[in-house]
Amino acid sequence: MSLCELRNVKKIYPMGDLEVQALRGVDLTIEKGEFTVIAGPSGSGKSTVLNLIGCLDRPTSGEVLLEDRPVAKMGDTELGALRAARIGFIFQSFNLIPVLTAFENVELALRLAGHHTDNKARVEKALRDVGLGEHFHRRPAQLSGGQQQRVAIARALVKSPALVIADEPTANLDSHNGKAILQLMREMNERDGVTFLFSTHDAMVMEQAKRVVRLVDGAIVDDTRRAPVYAGGAS
Amino acid sequence: MLLSLALRNSLRNRRRSLLTATMVMLGVASLTVAMSWLEGLFGSTVNMAANLAGHVRVVDADYARREQLNPLHENIAESAPLEAAIRAVPGVVAVYPRISMGVTATVGEEIGEEFGLVQGGPLALFEGPLALPGHLVEGRMLASDDEVVIGKKLVEKMGGKLGDDVVLLGQTQDGSMSPAKLKLVGIVDLGNAMQNRQIFVTLEKVRYMADIPDGAVELAVYGAHRDDGAELAARLGALPELSGKDVKSWDQRPPFDNVMGLLSTVKAVAASAMVFITGLGVLNTMLMSVLERTGEIGVMRAMGLRRMQVIWLFVLEALGISAIGGVLGAVLGGLGGYWLQVHGVNLGSVVDKLPATIPMNSTIYGQVTPEILVSAVLLGLAMAVVGGLVPAYRASRIEPIEAMRHRR
């Protein structure tokens with residue numbers, strides 16, 4: 001069983017009187033345990049693919065399946081519950097809630113996924129796993145960019161999702177922190193079998209991927225599975 | 001979780017939240033002062049009116065129909081049996097026969113040009129519900145049928161003083177001239193010029209003047225509280241002895257049958273206007289918050305926050321800010337109302353033009369009640385709901401995809 005699947009998916013955005021075709025009949029299957037990068041230039045449709053797989057958007061035509069369930073037939077509430085329980089998100093700008101501490105940001109994801117009790121141990125473990133055992137009670141403004149992205153990773157992973165979607169997760173980090181974050185995600189992929197799906201322009205991220213899917217003008221032009229080049233020296 | 005997040009969000013942009021809370025505070029404070037003043041204004045006026053006319057008034061039905069002409073012949077010729085029947089009704093505390101009549105008044109023998117309103121009744125009426133001894137500015141209360149107590153405006157107009165003989169010229173119930181010569185023993189100040197044109201004489205004297213030897217024009221009935229008037233009137237109306245009589249509580253008769261509705265309307269309009277205006281301020285603040293937090297809301301929506309939870313998040317934030325502003329506003333308004341309660345506001349000659357049926361004091365004092373303070377705080381929260389709902393709804397329409405689009 002594949003984790004998610006796009007079948008002949010098209011996405012058209014209206015732009016005033018014009019229509020922009022963001023995806024032109026994309027077929028894509030993501031298997032469990034993959035560490036996949038969606039690569040391509042700006043406007044190629046990377047974010048649209050992530051939005052559709054992340055159940056944040058619906059296709060104009062074609063079919064999106066998540067764990068063999070057709071997303072198109074789900075209502076907003078069902079989709080929200082599905083996202084909360086099965087999908088973790090990591091954003092380019094971290095997007096932590098500024099008034100909550102690192103601990104609370106991570107706990108929020110658990111609560112929204114329906115876990116209201118006995119969260120303490122899970123949250124602490126998630127934060128320790130990303131190397132933030134000492135920063136539970138700091139707010140995002142008191143953390144560096146790399147630390148904020150680690151909190152975001154902990155937030156995405158704490159609920160043990162089937163899939164983690166990361167939208168250019170290293171774009172706002174320096175190369176040192178970027179490598180460290182990638183290393184961390186790779187370790188989680190290798191150790192825990194967490195499935196990651198990235199969008200990026202970053203060559204370093206592509207080097208880490210087990211699979212690179214290249215998009216140009218809304219169509220897949222290349223889909224390569226290969227052995228990744230491990231980034232060492234992460235801190 | 002939502003509550004904690006909402007409260008923290010309310011402290012996020014402290015200057016803006018402070019501004020909003022201040023707006024709510026001023027709104028609630030103004031409303032509290034206005035309500036206190038209105039309560040004092042209507043409360044004291046209504047109290048005086050109810051005390052003056054009785055919680056329930058019993059008159060002949062024909063008298064009620066032509067009351068403005070003061071038809072003395074439409075009287076209750078034998079009042080004692082009715083008084084006894086009324087006293088036996090549960091809830092009745094007192095019943096007083098009384099006669100009111102217009103007269104000219106002068107000091108000395110000549111017929112004067114000053115008009116006054118004679119109020120004749122038992123001393124217990126004057127000393128009890130009308131509380132005349134408390135209004136005496138000179139002299140004393142009545143001790144015999146040949147004495148009179150007069151409002152100070154009329155005394156001034158007549159050029160009289162204590163000890164003077166005052167000649168009143170009225171009419172009997174059949175229209176004959178009816179003079180009376182009485183000694184001025186007391187001068188009262190009843191609050192405004194119209195009230196201060198009243199002349200108080202004993203029941204026996206007014207019966208003699210009106211030639212209604214055993215009766216009265218009206219029976220003023222008092223219960224434990226003026227608010228029980230309508231209920232008491234219904235009970236009295238069922239008495240067979242009062243068949244053919246007009247039995248109405250003070251608030252069922254003009255002008256208070258309309259005034260009480262007007263009071264409620266004035267309060268509701270003032271409260272609605274304040275809620276609307278302050279609600280606009282809250283709306284502005286919350287809209288700015290929604291715009292600023294579009295990405296953040298998108299993230300939470302992407303993580304599974306439901307639309308209704310988004311609405312609650314913003315409404316709770318507005319409620320938090322408004323609760324602080326509302327409580328402070330109630331305290332501030334309460335202090336303002338208390339100042340009005342102590343010092344009052346002098347309305348001057350405006351009050352003097354009011355009819356005698358609206359016995360309003362020239363100086364109106366506020367009246368702060370717990371109900372006013374609680375309702376002011378609740379209205380402050382209503383301001384939050386009014387101002388917070390639209391932005392909250394707007395926030396709830398933010399799609400999770402905004403989390404991906406948003407770049408800070």
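Bear in mind these aren't lab numbers, they're just calculated from the coordinates by the rules spelled out. Being a predicted model, the structure only gives us computed values, none of them experimental. Virtual Cβ from ideal backbone geometry, glycine too; neighbours counted across all protein chains shown.
Worth pointing out:
- DSSP assigns beta bridges within the range A:123-234; of those with both partners inside it, close to 55 percent run antiparallel.
- Restricting the calculation to Cα atoms, the range A:110-235 shows an Rg/Rh of 0.99 when the hydrodynamic-style radius is the Kirkwood one.
- Of the DSSP H helices in chain B, those that are both long (alpha-carbon extent of 18 Å or more along the helix axis) and hydrophobic (Kyte-Doolittle mean at least 0.0) are B:14-53, B:256-292, B:307-343, B:370-396.
- Over 22 Å (Cα to Cα) - which of A:K46/A:K73; A:K10/A:K210; A:K125/A:K159; A:K159/A:K210 fall in this group: A:K46/A:K73; A:K10/A:K210; A:K159/A:K210
- ³J(HN,Hα) computed for each position of the range A:185-194 - Karplus, 6.51 cos²θ - 1.76 cosθ + 1.60, integer Hz, glycine/proline x: 5, 4, 4, 5, 5, 5, 6, 9, x, 5
- Between helix A:102-112 and chain A: long-axis angle, C-alpha atoms, 0 to 90°, nearest 10: 50 degrees
- Distant-in-sequence amide H partners of B:T369 (H built 1.01 Å from N, under 5 Å): none
- Each principal axis of the Cα atoms in the range B:135-191 has its own extent, and those three values, largest first, are 36, 23, 18 angstrom.
- Distant-in-sequence amide H partners of A:V216 (H built 1.01 Å from N, under 5 Å): A:V221
- Sorted fewest first by neighbouring Cβ atoms within 10 angstrom, A:R86, B:R15 come out as B:R15, A:R86.
- Loop-located trypsin sites (Lys or Arg not before Pro) across the range A:153-234 with a Cβ neighbour count of 16 or fewer within 10 Å are A:R226, with loop assigned by DSSP.
- Look at B:T265, B:T278, A:T117, A:T170 and count the other Cβ atoms within 10 Å of each Cβ; fewest to most, that gives A:T117, B:T265, A:T170, B:T278.
- Computed over the range B:117-226, the percent of Cα pairs more than 17 Å apart is 53.
- For the range B:29-90, chymotrypsin sites (Phe, Trp or Tyr not before Pro) meeting the loop criterion (DSSP other than H, G, I, E, B) and having at most 15 other Cβ atoms within 10 Å: none.
- In the protein assembly as shown, a dipole from Cβ-located charges (positive for Lys and Arg, negative for Asp and Glu) runs towards its positive end, and of B:W339, B:A6, A:L163 it is A:L163 whose Cα lies farthest in that direction.
- Ascending count of other beta-carbon atoms within 10 Å, so fewest first, for B:M303, B:M48: B:M48, B:M303
- Considering only the Cα atoms of the range B:30-178, their convex hull presents on average a projected area of 12.3 nm².
- Charge context of A:I181, other residues only, Cβ under 12 angstrom, K/R +1, D/E -1: -1
- Karplus-derived 3J(HN,Hα), 6.51/-1.76/1.60, for each residue of the range B:161-177, Hz, glycine and proline x: 8, 4, x, 5, 8, 10, 9, 10, 10, x, 9, 6, 5, 9, x, 6, 5
- If you count Lys pairs in chain B whose Cα atoms are under 27 Å apart, skipping same-chain pairs closer than 8 places in sequence, the total is 25.
- Ratio Rg/Rh [Cα only; Rh per Kirkwood] for the range A:143-195: 0.95
- Highest-first packing order for the peptide set B:377-389, A:19-31, B:317-329 is B:317-329, B:377-389, A:19-31, based on the mean count of other beta carbon atoms within 10 Å.
- For A:G88, the amide hydrogen comes within under 5 Å of the amide hydrogens of A:L163, A:V164, A:I165, counting only partners 5 or more places away or on other chains and with H modelled in the peptide plane.
- Annotation for the range A:93-159: GluC sites (Glu not before Pro) lying in DSSP loop with at most 13 further Cβ atoms inside 10 Å of their Cβ are A:E134.
- Beta bridge orientation in the protein assembly as shown: antiparallel %, DSSP, nearest 5: 70 percent
- Taking a ≥ b ≥ c as the square roots of the Cα gyration tensor eigenvalues, the protein assembly as shown comes out prolate, since a/c reaches at least 1.5 and a/b is larger than b/c.
- Kirkwood estimate for the range A:4-224, i.e. one over the average of 1/r between Cα atoms, Å: 17.8 Å
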